[in-house]
Amino acid sequence: MSDADPADPAQSPPAYDALPGAPGECPSAWSVFGAGDRLGLINLQTPARIAAAAQLVRSGRMFSLNAPIDAIDPPMYERGAPRLELVVEAGGVAIDDHLDNFYPQGSSQWDSLAHFADRRGRFFGGAGVDDVRAGRAATIEAWAQRGIAGRGVLLDIDALLGSAGTGFDPASTRPITVVELEAARERAGIRWQPGDVMLLHTGYLEWYLRQGADVRAGIASAQPCAIGLAHGEEMVRYLWDAHVSAVASDNPAVEAWPPGDGEFDCLHRCLIGRLGLALGELLALGELARACRATGRFEVFFTAAPLNIPGGVGSTANALAFL
């Protein structure tokens, strides 16, 4: 289908309330882009939209949105700490890297559509655990082989709420409501366009990096609590009807953490498992946010190149923003 075809769901995605699903459950987008789809809402990043987003580059300033792979120390969620060994060859003729105990989702990262199930043992598109293991599911190489690019819109929640650690406690399960997202969007002076990447700046990561070893150890030893998107169907409907292709945040889970047990009380289950939304976590958004405040421009050209790990369920972010 051409970019002008109104029947193409990448051009005219259905509304949330038009998606199939039983009352009281999160609807499904498994069939929106056709049988066997492995991209989910990244399909909305069409060539025309990517080309238009590239026109947002005015100053040529480039921002890496990637924290060091060992920035989260000790690691959260029972992940391990990466260990780097330098392999010196022939007395110093060359040096290679050897990474051990490396968790690609341990720092700035993407969750693939095979990361979180919509129901126990059932992932996006209906794939089971065996499908994921056999490479028949929407694992990370689908995005890696295609690439991620488009308009990034920075929502400066940190500024809206008065700064992490002073205006609010980022290490609490503080929900960011739809009303607050809309307030941040209005401050940014933008309207959502299909395929946008929502860059959710809460201030969490920079706050975390300022903490001492005792505070970090306490975060790692328990179920981390963190500010993030509010749970509930209102939020799920808002994100779908905004037709964003991804939400990339600077907090540990995008959503307020920990989640609950209800149908809409775990956004990972709804957004990844049912709707096919790309989620990025712990992106380093602080420097970009300050530049956006200084220039009054909150839309950027955003790119990311996930690691091409066949069968992998996550990747380092490898994300850039251009102003």
Query - Boolean, residue 244 is within 17 Å of the chain's Cα centre (by Cα), closer than 27 Å to residue 53 by Cβ and hydrophobic (A, V, I, L, M, F, W, C) - result: yes
Report summary line: Among 282, 275, the single one that is buried (at least 24 other Cβ atoms within 10 Å of the Cβ) and either within 28 Å of residue 163 (Cβ to Cβ) or of a type in the set (Gly, Ala, Ser) (or both) is 282
Report summary line: Scanning region 246-265 for residues that are buried (at least 19 other Cβ atoms within 10 Å of the Cβ) and out of contact with any helix residue (DSSP H, G or I) (no Cβ under 9 Å at 6 or more places or on another chain) gives 248, 257
Query raised in the report: So which residues in region 237-268 are in a loop (DSSP other than H, G, I, E, B) and within 20 Å of residue 39 (Cβ to Cβ)?
Result: 243, 244, 245, 254
Report summary line: Pairing a residue in region 156-170 that is closer than 15 Å to residue 250 by Cα and of a type in the set (Val, Ile, Thr) with any residue that is part of a loop (DSSP other than H, G, I, E, B) and at pLDDT 95 or above, where Cβ atoms lie under 7 Å and the two sit 6 or more apart in sequence or on different chains, gives 157/202
Requested in this report: Take the residues in region 129-166 that are among the charged types (D, E, K, R) and outside any strand (DSSP E or B), then tell me which one is surrounded by the most Cβ atoms within 10 Å (Cβ to Cβ).
Outcome: 158
Report task. Only one of these is of a type in the set (Ser, Thr, Tyr) and under 20 Å from residue 206 (Cα atoms): 249, 245. Name it. Result -> 249
Report task. Would you be able to say whether some residue in region 294-301 is touching a Cys at 6+ places or on another chain (Cβ under 7 Å), within 26 Å of residue 141 (Cα to Cα) and crowded, with 20+ Cβ neighbours inside 10 Å? Result -> no
Requested in this report: Inspect region 71-83 for any residue being at positive phi, free of Cβ contacts under 8 Å to residues at least 12 places away in the same chain and either in contact with a helix residue (DSSP H, G or I) (Cβ under 7 Å, 6 or more places away or on another chain) or part of a loop (DSSP other than H, G, I, E, B) (or both) and give the result as yes or no.
Outcome: yes
**Report entry** Hits in region 71-115 (condition: of a type in the set (A, V, I, L, M), closer than 20 Å to residue 140 by Cβ and under 23 Å from the mean Cα position of the chain (by Cα))
**Finding:** 72, 76, 113, 114
**Report entry** Matching residues, region 171-187, being outside any helix (DSSP H, G or I), without any contact (Cβ under 8 Å) to a residue 60 or more places away in the chain and not β-branched (Val, Ile, Thr)
**Finding:** 171, 172
Report summary line: Result of the Cβ filter at 7 Å on region 40-58, keeping first residues that are within 18 Å of residue 111 (Cα to Cα) and partners that are among the polar types (S, T, N, Q), at least 6 apart or interchain, is 41/245; 42/245; 44/245; 45/245
Requested in this report: Name the one entry in 219, 190 that is assigned to a loop (DSSP other than H, G, I, E, B) and more than 14 Å from the chain's Cα centre (by Cα).
Outcome: 190
Report summary line: Here the qualifying pairs (Cβ atoms under 9 Å; residues six or more apart or on different chains; first in region 200-213 and at positive phi; second small (Gly, Ala, Ser)) come out as 203/159; 203/163; 203/164; 203/165; 203/167; 203/286; 203/289
Requested in this report: For residue 271, state whether it is under 19 Å from residue 152 (Cα atoms) and in contact (Cβ under 8 Å) with a residue 40 or more places away in the chain.
Outcome: no
**Report entry** Criterion (assigned to a loop (DSSP other than H, G, I, E, B), within 26 Å of the chain's Cα centre (by Cα), of a type in the set (Gly, Ala, Ser) and surrounded by 11 or more Cβ atoms within 10 Å (Cβ to Cβ)) met by exactly one of 52, 67
**Finding:** 67
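The values are calculated or read from the model by the stated rules, or taken from the named source; none is laboratory data. Note that the coordinates shown come from a computational prediction; the quantities given were computed from them, not determined experimentally. Every residue, glycine as well, gets a Cβ built from its backbone with ideal geometry; the counts of neighbours run over all protein chains shown.
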